Amino acid sequence: QVQLVESGGGLVQPGGSLRLSCTASRRIATIATMAWYRQAPGKRRERVATVTNGGSTSYADSVKGRFTISRDNAKNTVYLQMNTLKADDTGVYYCNYVPPIEASWGQGTQVTVSS
């Protein structure tokens, strides 16, 4: 089973930026649609950004215009560029397939937006 390892989280002030990375333990199938998910404190995990094998992207309304998802199949990596961060963006961010594969959930990376 492919293991996914997220990194790049941290503490940032409102309005700041972070770039998250998700690296797979082996080659991500080029046909796979990948996504970033997040789980805010006390809330269910939600999908925030999706990228298809062809590079088409889609976003949750709450992050549209601020987040950008991309992928580099040669590096087995998916990225999430997050700009103009808000307190509501705080949470643990995960990457996974669409639909997600239960066994592939990683530890996630914590993003905290606070002044």
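Here the Gaussian network model covers the chain, with springs between Cα atoms less than 10 Å apart; of Lys64, Lys86, Lys43, Lys43 fluctuates the most.
Surface exposure of segment 47-103, expressed per residue as accessible area with a 1.4 Å probe, stands at 48 Å². Using only side-chain charges placed at the Cβ, +1 for Lys and Arg and -1 for Asp and Glu, the dipole size of the chain relative to its Cα centre rounds to 100 debye.
Counting alpha carbon pairs within less than 8 Å and at least 6 residues apart, what relative contact order, in whole percent, applies to the chain?
Details: 274 pairs, mean separation 43.0, N = 115.
In percent, rounded to a whole number, it is 37.
Only one residue of Ser115, Ala24, Pro41 has its Cα farthest out toward the positive end of the dipole of segment 14-115, where Lys and Arg carry +1 and Asp and Glu -1 on Cβ, and that residue is Ala24. Picking from Asp88, Asp61, Asp72, which is most flexible by a Gaussian network model of the chain using Cα springs under 10 Å? Looking only at Asp88, Asp61, Asp72, the biggest GNM fluctuation is shown by Asp61. Solvent-accessible surface of protein heavy atoms, probed at 1.4 angstrom with all chains present, puts Arg38, Arg44, Arg26, Arg71 in the order Arg44, Arg26, Arg71, Arg38, largest first. Counting only residues at least eight positions apart within a chain, or on another chain, the aspartates and glutamates with an alpha carbon under 19 Å from that of Lys64 are Glu46, Asp88, Asp89.
The values are calculated or read from the model by the stated rules, or taken from the named source; none is laboratory data. These numbers come from a predicted model, not from an experiment. Methodologically, a virtual Cβ is constructed for each residue, glycine included, from the backbone with ideal geometry; neighbour enumeration extends over all protein chains shown. Surface areas here come from the heavy atoms of the whole protein model, side chains and all, with no ligands, DNA or RNA. Shrake-Rupley method; radii C 1.70, N 1.55, O 1.52, S 1.80 Å.
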